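Structure record follows, encoded as structure tokens.
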Amino acid sequence: AAHASVSQNIHRPVWKERALLSKSTWSGGLEGMQYYATVSEEGADMDNIMWLAPNNISDADEGREPGPVGLVGSGKAVGGVVSKVVGVTDSPSNLGIQLQRVVSRCRAEFFYVSYGDTALDDVEVSLGNVGKSTGSPVADDDWDETETAVNAFTLVHHDLNVCTNSAQYVMVLDIINNLLLYSEPTQKARTDKYLRMRYQFMLEIDALEDHRKRIISLQNQLRQLVCEQRKKEKTIYMKTWDKDTKPQEKDRLEMEAQEIKDKMHVMNEDLDMMIRCYKETQMSSSQRQSSLRGQSGAPSCGVAERSASARRHGG
């Protein structure tokens, strides 16, 4: 793309299935965008691909290029081949694999919405700073707003002029299927585990102090593993420079270090889920107490008004 712009926005947290999630959006635009693909014979060295010159990318005049390439080449039209020379050469391997323009200049816009990727503490600080700068703090009613929280990526191409051969067409399909439509295999397992943990927290909503103690205990265990990992890495480093160290001993230390790292990864995921569930349960408990106070306070106001009215009529 000749010109590109990207911006990020941090929004107020939103509710999704009784869970408070952070919301962030990315938006951007691409101007003068082109797609290139390789043109090579079978068995060619794919590491030797030529680089595009700045005049192939920048917003230059769409007229012909100067020199012999502009006279007999394909110019900047779709399907054109980018080459440093014109005609047959004695050493084509030194020029690198050629590139073909499969999509001519176009314009594209993209939008990405994600939920739960940012820590709620960071969102709270950002919103607090916005409230201080604007003088309008976040109202309590704004947290009651709900919306359909779904991670989504949208790519909008206004006009496309495409020209590919069969190999390039297969490559495009492979990119779409394995990159844009990719789904992480362990995502479903983590989501199910999080939902079970959140349901357990909701069942024990009156035992928040016990949950807090378990979180603190897990944090201490994680810190202990971090200390062990650093100690193990220091030992491995010292053994590396020790000529008397046997290869079997070094392999054993590296295996133990990897086991500690795997434990840290699993414990870190569990701790992150527990903290999220704890904050969501704490928020639900606060909302429930606020609603109970509101319900208990309404009749008393009515009784006071009726008592005052009776005294005025009696007087």
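Every number here is computed from the coordinates shown, using simple stated rules; none is lab data. This one's a predicted model, so the numbers in the text were calculated from it and none came from an experiment. All Cβ positions, even for glycine, are placed from backbone atoms using ideal geometry, and neighbour counts span all protein chains on display.
Spin-label model, residue 254 to residue 24: label points 7 Å out along the Cα-to-beta-carbon direction sit 3.5 nm apart.
The modelled label-to-label distance between residue 165 and residue 210, using points 7 Å beyond Cα along the C-beta direction, is 6.9 nm. Scattering from the range 172-236 was approximated by placing one identical point on each alpha carbon and applying the Debye formula without solvent; log10 I(q)/I(0) at 0.15, 0.27 1/Å stands at -0.79, -1.07. The stretch between residue 111 and residue 59, if pulled fully straight at 0.36 nm per residue, gains 16.3 nm over its current Cα-Cα span.
In this rough spin-label picture, where each label sits 7 Å from Cα along the Cβ direction, the residue 284-residue 227 distance is 3.6 nm.
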